[in-house]
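Notes to accompany the following structure.
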Amino acid sequence: MGDFRNVNNLSDMSQNALLAAALLLAASPLVPARAQETPDTAEIRSLELKIADWYKSHQIQTFAGLLDDDFVITFEDGSTYGKTGYLSYSASSSTVVTSVEISDMKVRMHGDTAVVTGIYHEKGNDNGQAYDYHDRFTDVWMKKAGKWRLIAAHYAVPSK
């Protein structure tokens, strides 16, 4: 076995491996461990999933309380609705939502404001026509009087 105190006795490959290991060990304190979610981030993530479930099951009044009075939503076609218009749209009995999935959700906190992005997939039937939506979404939440309120939402169809 070679003398590891003398680098000159090591082969070039062993020297490179030893150097790489030393660099990784030296740099490891500089790489932060994945931070755990803050309570606010976890709450926003939970509210996003609850709203999707309430929307699917037509529990409109349940999620209405989370929408700010000044809430605005922009749909894929560019149409916009305020709180009242969106709640009326969501309550339509001609739409039956059979599946709602949210994935790739990222929550970015900025003080009392949270920006949420992700992938939204919805299947259902509207006026007898089956539909299957695949969107990207952005939601903006603001903490007001100690409670999180959804203030804006935007849906867009991703380019292929």
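The values are calculated or read from the model by the stated rules, or taken from the named source; none is laboratory data. Computed from a prediction, not measured in an experiment: that's the story for all the values here. Counting neighbours? That spans all protein chains shown, and the Cβs are built from the backbone with ideal geometry, glycine included.
Residues considered: K147, K106, K160, K123. Of these, the only one that is exposed (fewer than 13 other Cβ atoms within 10 Å of the Cβ), over 26 Å from Q36 (Cβ atoms) and without any contact (Cβ under 8 Å) to a residue 60 or more places away in the chain is K160.
Against the list (1) surrounded by fewer than 14 Cβ atoms within 10 Å (Cβ to Cβ); (2) more than 17 Å from D53 (Cβ to Cβ); (3) of a type outside the set (A, V, I, L, M, F, W, C), the condition D68 fails is (1). Among the helices (runs of 4 or more DSSP H) confined to the stretch 1-100, the ones with at least 1 residues that are of a type in the set (F, W, Y) and at pLDDT below 90 are located at 83-90. Restricted to the stretch 45-65, and to residues there that are surrounded by 14 or more Cβ atoms within 10 Å (Cβ to Cβ) and among the small types (G, A, S), the residue that is nearest to W148 (Cα to Cα) is A64. Would you check if T117 is more than 14 Å from K56 (Cα to Cα) and either assigned to a strand (DSSP E or B) or not hydroxyl-bearing (S, T, Y) (or both)? Answer is yes for this residue. Residues that are under 17 Å from L49 (Cα atoms) and over 16 Å from the mean Cα position of the chain (by Cα) do not occur anywhere in the stretch 101-111.
Scanning the stretch 83-103 for residues that are closer than 16 Å to D139 by Cα and loosely packed, with under 14 Cβ neighbours inside 10 Å gives E101, S103.
When restricted to residues that are polar (S, T, N, Q), more than 19 Å from R108 (Cα to Cα), touching a residue at least 12 places away in the same chain (Cβ under 8 Å) and in a strand (DSSP E or B), the stretch 126-144 contains 0.
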